[in-house]
2 protein chains.
Amino acid sequence: MLHIVPEIDTSQALTERQKAVLDAALRLLVEEGDQLTMTAVARRASCSKETLYKWFGDRDGLLTATVQWQASKVRVAQVDGKGLDLASLTASLERFASDWLQVISSDTSIALNRVAVGHAGSGKDDLGAVVLENGRFALAKRLKPVLEAGRRAGLLEFADAETAFRTFFGLVARDVQIRLLLGDRLELTEAAIGGDAARATQQFLALFGAKTGRKADS
Amino acid sequence: MLHIVPEIDTSQALTERQKAVLDAALRLLVEEGDQLTMTAVARRASCSKETLYKWFGDRDGLLTATVQWQASKVRVAQVDGKGLDLASLTASLERFASDWLQVISSDTSIALNRVAVGHAGSGKDDLGAVVLENGRFALAKRLKPVLEAGRRAGLLEFADAETAFRTFFGLVARDVQIRLLLGDRLELTEAAIGGDAARATQQFLALFGAKTGRKADS
DNA sequence: GGCGAACCGTAACGTACGGTACGGCTTGCC
DNA sequence: GGCAAGCCGTACCGTACGTTACGGTTCGCC
C-alpha cells in the first residue's frame, strides 16, 4: 500500500520562474515522453542546465518536481453533500465520472502516467506513488463523502465505501485508461464522455441504489 | 483504433534455442524492466550479442519478439456456449474474471505492460498494439460469444456485446491494473481473486441479467 | 580428416546524454 | 562605480550501452 500522506503541499517554495521551467518540462514530457533530455528541457525553458541541476538535483528530481507540479494543479472542487436528493446525487456522480474521464483521456495525464509506469519497479523514485496519490486516491477521497452522504440520505446501500468506490471507478474507467496508455487511439468526444458518465452513474445506482421508491431496478 | 489482425501467428519459425533465448530475455525483463541491456540478455541466455543481433535485428526487435513470444503462450481455452443455463453461464463468467485477474496481477503481465506503456507514444514499435491485441482484445473475442450465447438462451439482455463486455471488464478489473502498473503493492491472493470474480459476475448479472425467474436482483 | 556454417565470448567502436565547469551578462546593493 | 549573486549559453568530461568485429570452438556434411 502506498498511501503517502497527501496533505503536504510540496508545490510551494517554487518561484514563478521555476514554475515556468516546470511547465516547459511538462510540455516536453507530453511531446517526448520519458526520453526527454536535460538539454532539451533547458533549451525549451530557456535556462541553463546548471540551473536545472541546482534547482532539481538531477534528472529524477526534475521529473518528480514536474509530476508534483502538475499534480498540484489538478485539485478539483469538492462537492459537498448538503441537501442531497436523488437528482443531486446523480448529478454529482455524473460530474465525478465525466471529470475523471476527462482527466484520464488528457494528453497530460497519459504522458504522466506513462512516465510513472515506466519508472515503477525500478525503485529509484516514487513517481507512481505521486500519480496514484493525486489520481485514483484523491478521487476516492473526494467521492467517498458523497457516497456516505448518499447512504445517510437513504439513497444508497453499501457496506463498505471503499468497495463501492472501486466499483464506481471500474464502471467509469472500464478499459479506457489502459487502452490509452498502450497507445490505442480512442477519441473521447465531449458527448461520448457525457454519455459514458451517465451510463456509469445509472449502472452504479442500479447496483447500489436503495430499493425504495425508484422504478424497477436494473 | 489498433485492431491489428491477430490471427497471424508470428511465434512460429522460432527454433528451440531461440525460444530459450526469449525466455531468458523475458525473465530479465520481469526483473529489470525496460532498462535491461543487450549484454545482460546475452549473458543470461548464454549466447553472443552477435547472435542476438542476427536473430532479432536490434534492441527493439528483441523486445518485440519477447513480447510476442510471451503473448503466444497465453492462449487460453475457449469456453463453448452449449447447453447454457444460468449456473454454467455464471461459472463461465467467474472463470473469465478470475483468469483475467490472475493474468493482470502476474509479474510477467505487469512487466510486459510496463514496457509496452513506456514504448507507446514514441512510435518506434508497436508493443502496445501487441499487448492490447493479446490481452484486452483477445479477452473480448473469447468472451463475446459467451455473452451472445447467454442472450440467445434468454439469460442476458443487452443491445451491444461490445458495450456489455466493456462493463464486465470494468467490473472485474476496477483499479487493479493501473495500481499495479504504478507500483502499488496489492496482494491478490487466490481467495481474493475468487471473491472478486464472484462479485463482478453477480454485479454484471444484476445489470444485464434477464429479469425472468431469478431471485430479486442485486 | 577437411570444410563451412553457426555460434560463443569478448574486445572494440561510436555516440548520446547525464552531469560539471566556466565565461559573460544582468540585477540589486553598498 | 564596484561587487557579488544568480543565471544563461556552451563547451567539456565520463560513462553506459547499442552495435559491430573478430578469433576460437563445435557440429553437421562430404
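Bear in mind that the values in this text are calculations on the coordinates, not laboratory data. None of these values were measured; they are calculated from a predicted model. Backbone-built Cβ (ideal geometry, glycine too); neighbour counts: all protein chains shown.
Kindly indicate which of A:Ala91, A:Ala42 is more than 12 Å from DNA strand D (Cβ to nearest atom), of a type in the set (Gly, Ala, Ser) and free of Cβ contacts under 8 Å to residues at least 60 places away in the same chain.
Of the residues listed, the single one that is more than 12 Å from DNA strand D (Cβ to nearest atom), of a type in the set (Gly, Ala, Ser) and free of Cβ contacts under 8 Å to residues at least 60 places away in the same chain is A:Ala91.
Only residues that are assigned to a helix (DSSP H, G or I) and either within 7 Å of chain A (Cβ to nearest Cβ) or at positive phi (or both): list them for the stretch B:172-184, please.
If the condition is that a residue be assigned to a helix (DSSP H, G or I) and either within 7 Å of chain A (Cβ to nearest Cβ) or at positive phi (or both), then B:Ala173, B:Gln177, B:Ile178, B:Arg179, B:Leu181 are the ones that fit.
Can you tell me which residues in the stretch B:20-39 are away from chain A (no Cβ under 14 Å) and within 12 Å of DNA strand C (Cβ to nearest atom)?
B:Ala20, B:Val21, B:Ala24, B:Met38, B:Thr39
Of all residues in the stretch A:185-202, which are closer than 24 Å to A:Leu86 by Cβ and either hydroxyl-bearing (Ser, Thr, Tyr) or facing chain B (nearest Cβ under 9 Å) (or both)?
Those that are closer than 24 Å to A:Leu86 by Cβ and either hydroxyl-bearing (Ser, Thr, Tyr) or facing chain B (nearest Cβ under 9 Å) (or both): A:Arg199, A:Ala200, A:Thr201.
Is it true that B:Leu186 is more than 26 Å from B:Glu31 (Cα to Cα) and aliphatic (A, V, I, L, M)?
Considered against the rule, which asks whether it is more than 26 Å from B:Glu31 (Cα to Cα) and aliphatic (A, V, I, L, M), B:Leu186 comes out as no.
Return yes when B:Thr201 is within 21 Å of A:Thr167 (Cα to Cα), more than 16 Å from the chain's Cα centre (by Cα), among the β-branched types (Val, Ile, Thr) and crowded, with 22+ Cβ neighbours inside 10 Å and no when it is not.
yes
Here are some conditions: (1) buried (at least 21 other Cβ atoms within 10 Å of the Cβ); (2) away from DNA strand D (no atom under 16 Å from the Cβ). A:Gly121 meets all but one. Which one does it not meet?
Every listed condition holds for A:Gly121 apart from (2).
Could you grab me the full set of residues in the stretch B:178-200 that are of a type in the set (Gly, Ala, Ser) and more than 13 Å from A:Leu127 (Cα to Cα)?
If the condition is that a residue be of a type in the set (Gly, Ala, Ser) and more than 13 Å from A:Leu127 (Cα to Cα), then B:Ala191, B:Ala192, B:Gly194, B:Gly195, B:Ala197, B:Ala198, B:Ala200 are the ones that fit.
How many of the residues in the stretch A:125-156 are charged (D, E, K, R) and in a loop (DSSP other than H, G, I, E, B)?
Final tally of qualifying residues: 2.
How many residues does the stretch A:45-66 hold that are farther than 20 Å from A:Gly118 by Cβ and either away from DNA strand D (no atom under 12 Å from the Cβ) or crowded, with 17+ Cβ neighbours inside 10 Å (or both)?
Counting residues in the stretch A:45-66 that are farther than 20 Å from A:Gly118 by Cβ and either away from DNA strand D (no atom under 12 Å from the Cβ) or crowded, with 17+ Cβ neighbours inside 10 Å (or both) gives 4.
Just checking, does the stretch B:154-171 include any residue being within 16 Å of DNA strand C (Cβ to nearest atom), within 11 Å of chain A (Cβ to nearest Cβ), on the phi < 0 side of the Ramachandran plot and among the basic types (Lys, Arg)?
no
Can A:Asp107 be described as among the acidic types (Asp, Glu), closer than 23 Å to A:Gly194 by Cβ and within 14 Å of chain B (Cβ to nearest Cβ)?
yes
Looking at B:Leu155, B:Leu181, B:Leu112, B:Leu93 in this structure, which one is over 16 Å from A:Leu182 (Cα atoms), buried (at least 21 other Cβ atoms within 10 Å of the Cβ) and either out of contact with any Phe, Trp or Tyr (no Cβ under 8 Å at 6 or more places or on another chain) or among the β-branched types (Val, Ile, Thr) (or both)?
Exactly one of B:Leu155, B:Leu181, B:Leu112, B:Leu93 is over 16 Å from A:Leu182 (Cα atoms), buried (at least 21 other Cβ atoms within 10 Å of the Cβ) and either out of contact with any Phe, Trp or Tyr (no Cβ under 8 Å at 6 or more places or on another chain) or among the β-branched types (Val, Ile, Thr) (or both), namely B:Leu155.
Just one of the numbered conditions (1) facing chain A (nearest Cβ under 10 Å); (2) within 14 Å of B:Asp99 (Cα to Cα); (3) buried (at least 20 other Cβ atoms within 10 Å of the Cβ) is not true of B:Ala140; which one?
Result: B:Ala140 passes all but (3).
How many of the residues in the stretch B:82-104 are among the β-branched types (Val, Ile, Thr) and more than 12 Å from every other protein chain (Cβ to nearest Cβ)?
Residues in the stretch B:82-104 being among the β-branched types (Val, Ile, Thr) and more than 12 Å from every other protein chain (Cβ to nearest Cβ): 2 in total.
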